Amino acid sequence: MSLIVNRAASSSLRDEIAQVPPVVEVSPHGSSPFLLTCDHYGRLIPPSLHQLGIDDTQARRHIAWDIGIAGVAERISQALDAHLIAQRYSRLVIDCNRPWEAASSIPLLSEATAIPGNEGLSADDKAPRRDLIFTPYHARIAQVLDARHTEGRPTVLVALHSFTPIYAGVARPWHIGALYHRDDRLPKRLLEALRAEGDLVVGDNEPYAVSDDSDYTIPVHGERRGLMHTGIEIRQDLIADPAGEKIWADRLTRILRAIELELHPKVMEG
Ligand SMILES: [Zn+2]
């Protein structure tokens, strides 16, 4: 009986995700060397998962997605003519910036909120989330990186995120952070540029550092390919409305343009 129920549930999930695919792209033919990713862009939960047993308020909180980053990412993508690849399902369904084998891939608890719809899942229950959301998203990023490599186009990977101003009762002072692990070529330049702005509290690997267990996009697509890369985390209260999104997108567009010129002095000469 439960096998039949599982099959039915898996088939509705398949239909729902087929109608609303996980991958969102902006400026797919963009000429910029920057490739932008946004693992926590959206907070959709397929209807057959019954909102994972949490209420509407919880499903809109930072535990479900990176508040504000979608607007910032889209604006930067358009301003720089940079390809953005983003994922529109909630990280509570499956976290696209975790190895799918990690316990936090389909979290039982996020900050202090239990996620009832993620309890007691078998490998067969988890597999469709991986196969329909995680895998196609990362396969698309890999496909684009392969194509750019084949075409001899340079790629600088920028993974965009946002963080909650208060986590587990502790206020976070940083406005923005640059995140990395084994390769600090781009973060070093970015940190220098952000500090030069003069009005920012800048996090160097804060509020998080990148690691193989807690991250996927940078280790797999950036480090393993030897691409210059950085993570960027912006505090959510600064980008909570379109005005804030625009201010931060404009600022980062200006800074990334300057870094691009520094990396490729010939670009100006056309
Ligand atoms: Zn994120």
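The values are calculated or read from the model by the stated rules, or taken from the named source; none is laboratory data. Bear in mind that the values here come from a model prediction, so they are computed numbers and not experimental data. In this analysis, Cβ positions are derived from the backbone assuming ideal geometry, glycine residues included, and neighbour counts consider all displayed protein chains. These area figures cover heavy atoms from the full protein model, side chains too; ligands, DNA and RNA do not enter into them. Shrake-Rupley method; radii C 1.70, N 1.55, O 1.52, S 1.80 Å.
Details
- So residue 130, is it more than 16 Å from the ligand (Cβ to nearest atom), in contact (Cβ under 8 Å) with a residue 24 or more places away in the chain and farther than 16 Å from residue 227 by Cα: yes
- Pairs are defined by a Cβ separation below 6 Å, a sequence spacing of at least 6 or placement on different chains, a first member in segment 147-167 that is under 30 Å from residue 111 (Cβ atoms), and a second member that is among the aromatic types (Phe, Trp, Tyr) and more than 16 Å from the ligand (Cβ to nearest atom); the pairs so defined are 158/34.
- So residue 146, is it within 16 Å of the chain's Cα centre (by Cα) and more than 25 Å from residue 75 (Cβ to Cβ): no
- Pairs meeting the criteria (first residue in segment 186-205 and over 13 Å from residue 251 (Cα atoms), second residue open to solvent by less than 30 Å² (accessible area, probe 1.4 Å) and of a type in the set (S, T, N, Q), beta carbons under 8 Å, at least 6 apart or on different chains) are 186/230; 187/230.
- Pairs where the first residue, in segment 227-246, is modelled with pLDDT of 95 or more and the second is within 15 Å of the ligand (Cβ to nearest atom) and basic (Lys, Arg), C-beta under 9 Å, 6+ apart: 235/172
Okay, residues lined up against (1) of a type in the set (S, T, N, Q); (2) surrounded by 19 or more Cβ atoms within 10 Å (Cβ to Cβ); (3) over 30 Å from residue 168 (Cα atoms):
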{"site": "91", "(1), (2), (3)": "no, yes, no"}
{"site": "100", "(1), (2), (3)": "no, yes, no"}
{"site": "106", "(1), (2), (3)": "no, yes, no"}
{"site": "122", "(1), (2), (3)": "yes, no, no"}
{"site": "126", "(1), (2), (3)": "no, no, no"}
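- Any hit, segment 159-173, residues being among the aliphatic types (A, V, I, L, M) and touching a Cys at 6+ places or on another chain (Cβ under 7 Å): yes
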